[in-house]
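Q: Right, I'll just put the structure down here and ask away after.
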């Protein structure tokens, strides 16, 4: 039996596929892994949704303002998680005055106000105590029999609960009344245990890990402030270990049932704020802009009919001249009328400037059909004229100038 080349290649491909499938089956296995369902609804937008529900189930009351413009009552607890709470300088001063008056401030270490005087210091990890915490110190160098072992993949903190080796016991220490009936230990997980809280002011209540306090409370005036090294109150971490009980202990919920959560610094949009605070000014400004655009826009014609270009009538000229004479110097008006007649005569009479006053009056009278003697007297600058005679003289000179212009 002869095999064709295509049949040989088909057999080879089938053997390769069978071998790959056998290798995949022998080197893989099915395993179940617990993952957290994604948050939905209000829990997806509010990081303290679970903590608020816990406080309400325990008989407390929660308030969630959008900013720190208004401080809570003196007998309440303020959980401050806003990075921009001190956006305005007076905010920090008012917050300090509120704490000194008797308020209780709960803040994470990196969001705390500077005037609290509580800092975090990194220390070398100590070995576990007998019967103490359940955590195991991390070896710096692996044993010789494990050096060739492939390191495990990085753990996904947000996808599965922490293992028991990642938790430790934090002991409650207090100079007064404990949070519950007796001082107790709280199992904390995913908390940076290499850092401890230090302060020049004595602590009145702490949760101590192996190296020192990871949660501490100090008195400030008549109030107090509690600082936690890391967040254990958000929706993801609240149910790890005994974080819920530890958070209730930090709040001092027995004596302060009202809790305020300030997580953000939300403000109205600028345009909305301008409209609410200055609506009349906005409307007036908008109207002025519309009017300016309307006046600057293109038009199909002029805004008003354009009057024809023409000189005033003799009657209008006489009325205007009379008004000018009675209000101002009449001699200046007479000289202006002489100049107007001279300009018209130069354009209409030959050798006008070489003629004497008599010859000039005769030439003007001939061109305008006016009385030569009247023109001669009107052109005499030395003649004293009464105000009543001045009107007739001005009318005669204006008529002569107009007729010369028309007969040019």
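The values are calculated or read from the model by the stated rules, or taken from the named source; none is laboratory data. As the structure is a computational prediction, the values presented were derived from the model and not from experiment. Cβ atoms come from the backbone with ideal geometry, glycine included; neighbour counts cover every protein chain shown.
Q: Can you find even one residue in segment 213-220 that is over 23 Å from residue 262 (Cα atoms), assigned by TED's automatic domain parsing to the domain that holds residue 114 and either touching a residue at least 60 places away in the same chain (Cβ under 8 Å) or surrounded by fewer than 20 Cβ atoms within 10 Å (Cβ to Cβ) (or both)?
A: no
Q: For residue 169, only one of the following conditions fails: (1) part of a strand (DSSP E or B); (2) at pLDDT below 85. What is its number?
A: In the conditions (1) part of a strand (DSSP E or B); (2) at pLDDT below 85, residue 169 misses (2) alone.
Q: Find the residue count for segment 38-47, including only residues that are in a loop (DSSP other than H, G, I, E, B), within 19 Å of residue 244 (Cβ to Cβ) and over 26 Å from the mean Cα position of the chain (by Cα).
A: Start the filter on segment 38-47 by keeping residues that are in a loop (DSSP other than H, G, I, E, B), which leaves 38-40, 45-47.
Now drop any that are not within 19 Å of residue 244 (Cβ to Cβ), which leaves 39, 46-47.
Checking the rest, the ones that are also over 26 Å from the mean Cα position of the chain (by Cα) come to 39.
Residues that pass the stated criteria total 1.
Q: Among the residues of segment 377-397, is there at least one that is more than 16 Å from residue 334 (Cβ to Cβ), surrounded by 11 or more Cβ atoms within 10 Å (Cβ to Cβ) and in contact (Cβ under 8 Å) with a residue 40 or more places away in the chain?
A: So the first thing to find is which residues in segment 377-397 are more than 16 Å from residue 334 (Cβ to Cβ), and the list is none.
The answer is no, given that none of the residues of segment 377-397 is more than 16 Å from residue 334 (Cβ to Cβ), surrounded by 11 or more Cβ atoms within 10 Å (Cβ to Cβ) and in contact (Cβ under 8 Å) with a residue 40 or more places away in the chain.
Q: Could you list all residues from segment 54-73 that are surrounded by 15 or more Cβ atoms within 10 Å (Cβ to Cβ) and either in contact with a strand residue (DSSP E or B) (Cβ under 9 Å, 6 or more places away or on another chain) or in a loop (DSSP other than H, G, I, E, B) (or both)?
A: Within segment 54-73, the subset surrounded by 15 or more Cβ atoms within 10 Å (Cβ to Cβ) is 54-55, 60, 62-65, 67-68, 71-72.
Passing the criteria: 55, 60, 62, 63, 64, 65, 67, 68, 71, 72.
Q: Report, by residue number, each residue of segment 310-341 that is in a loop (DSSP other than H, G, I, E, B) and either on the phi > 0 side of the Ramachandran plot or at pLDDT below 70 (or both).
A: Of everything in segment 310-341, those that are in a loop (DSSP other than H, G, I, E, B) and either on the phi > 0 side of the Ramachandran plot or at pLDDT below 70 (or both) turn out to be 310, 311, 312, 328, 329.
Q: Take segment 346-356 and flag every residue that is surrounded by 12 or more Cβ atoms within 10 Å (Cβ to Cβ) and under 17 Å from residue 377 (Cα atoms).
A: 355 - this is the single residue of segment 346-356 that is surrounded by 12 or more Cβ atoms within 10 Å (Cβ to Cβ) and under 17 Å from residue 377 (Cα atoms).
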